[in-house]
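Peer 1: A single structure is presented below for examination.
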Amino acid sequence: SNSVVESDHYGTPDYILDAARRVGPIGLDPADRPGSLVRARVSLQRERGADGLSAAWSPLLSNGEIVWLQPPYSQGNLPLWVPKAGAESRVLRPDSAIVAMLPVNTAPRWFQGEPDSICSTARSICFLGSRVPHHLPSGELVKGTRHDSMVVYWGCDPLRFKSALAGLGKVVDL
């Protein structure tokens, strides 16, 4: 299993989560972390023995709910979590979606070049206009992350995503 580093505990700030909730209520967080502000109806937390990579996501969602995903960014995690989101997107109900915050990195195979990559499965990407501060489990905000971020959308209503993320960055349809 992959080792945990401090950045794996960085949580999503409220303003990003508020935008995600405009896409739909958050029914599942398969990569939940201690101190998270996501408050999904169902949360799978590695620290509590849950395995969001092995679980089927769609059966855990109720009508109109979305999956929120901010996977751990440490080495070896993104190549597992991003294709998992792509594969899960193929079996989503039409009223559900997956919304993920990820580091901007267009070179890896998880972005382009494999069947379940972002470019092969996602509908839209919002390239966020500024660096995102992250929450530590203590609630403290960590500014100055070393990478730009994007919010990726897998679902059937890209216009809803574009409207929900308006003002946070440039939305591009795939």
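The values are calculated or read from the model by the stated rules, or taken from the named source; none is laboratory data. Since the model is a prediction, treat every value here as computed from it, not as a measurement. Here Cβ is always computed from backbone atoms with ideal geometry, including for glycine, and neighbour counts include all displayed protein chains. Please note that ligands, DNA and RNA were not included when accessible areas were found on the heavy atoms of the full protein model with its side chains. Shrake-Rupley method; radii C 1.70, N 1.55, O 1.52, S 1.80 Å.
Peer 1: Among the residues of region 157-166 satisfying the criterion of being in a loop (DSSP other than H, G, I, E, B) and modelled with pLDDT of 95 or more, which is surrounded by the fewest Cβ atoms within 10 Å (Cβ to Cβ)?
Peer 2: Selected residue: ASP157.
Peer 1: Moving on. Residue by residue through region 97-116, note down the ones that are more than 19 Å from VAL171 (Cβ to Cβ) and in contact with a Gly (Cβ under 7 Å, 6 or more places away or on another chain).
Peer 2: ASP116
Peer 1: For region 135-151, does any single residue satisfy the condition of being touching a residue at least 40 places away in the same chain (Cβ under 8 Å) and within 12 Å of VAL99 (Cα to Cα)?
Peer 2: Scanning region 135-151 turns up at least one residue that is touching a residue at least 40 places away in the same chain (Cβ under 8 Å) and within 12 Å of VAL99 (Cα to Cα).
Peer 1: Additional query: Check LEU159 against each of (1) touching a residue at least 40 places away in the same chain (Cβ under 8 Å); (2) farther than 18 Å from SER36 by Cα and name the one condition it does not meet.
Peer 2: Of (1) touching a residue at least 40 places away in the same chain (Cβ under 8 Å); (2) farther than 18 Å from SER36 by Cα, only one is false for LEU159: (1).
Peer 1: Would you check if there is a residue in region 57-65 being touching a His at 6+ places or on another chain (Cβ under 7 Å) and surrounded by fewer than 17 Cβ atoms within 10 Å (Cβ to Cβ)?
Peer 2: No.
Peer 1: Let me ask another. If PHE127 passes every condition in (1) part of a loop (DSSP other than H, G, I, E, B); (2) open to solvent by 20 Å² or more (accessible area, probe 1.4 Å) but one, which one does it miss?
Peer 2: That leaves (1) as the condition not met.
Peer 1: May I ask you to verify whether TRP110 is in contact (Cβ under 8 Å) with a residue 24 or more places away in the chain, open to solvent by less than 30 Å² (accessible area, probe 1.4 Å) and over 24 Å from ASP14 (Cα atoms)?
Peer 2: Spelling it out, TRP110 is indeed in contact (Cβ under 8 Å) with a residue 24 or more places away in the chain, open to solvent by less than 30 Å² (accessible area, probe 1.4 Å) and over 24 Å from ASP14 (Cα atoms).
Peer 1: Mind checking whether some residue in region 131-140 is farther than 22 Å from ASP32 by Cβ and under 17 Å from the mean Cα position of the chain (by Cα)?
Peer 2: Yes, there is a match, as at least one residue in region 131-140 is farther than 22 Å from ASP32 by Cβ and under 17 Å from the mean Cα position of the chain (by Cα).
Peer 1: What number goes with the only condition from (1) in contact with a helix residue (DSSP H, G or I) (Cβ under 6 Å, 6 or more places away or on another chain); (2) open to solvent by less than 50 Å² (accessible area, probe 1.4 Å) that ARG22 does not pass?
Peer 2: For ARG22, the failing item is (2).
Peer 1: Considering only region 16-40, state which residues are modelled with pLDDT under 95 and not hydrophobic (A, V, I, L, M, F, W, C).
Peer 2: ASP32, ARG33, PRO34, GLY35, SER36, ARG39
Peer 1: Oh, and also: Kindly check whether there is at least one residue in region 79-91 that is over 13 Å from the mean Cα position of the chain (by Cα) and open to solvent by less than 30 Å² (accessible area, probe 1.4 Å).
Peer 2: no
Peer 1: Which of the residues spanning region 32-56 are touching a Leu at 6+ places or on another chain (Cβ under 7 Å), open to solvent by less than 50 Å² (accessible area, probe 1.4 Å) and free of Cβ contacts under 8 Å to residues at least 40 places away in the same chain?
Peer 2: Those that are touching a Leu at 6+ places or on another chain (Cβ under 7 Å), open to solvent by less than 50 Å² (accessible area, probe 1.4 Å) and free of Cβ contacts under 8 Å to residues at least 40 places away in the same chain: ASP32, VAL38, ALA40, VAL42, ALA50, GLY52, ALA55.
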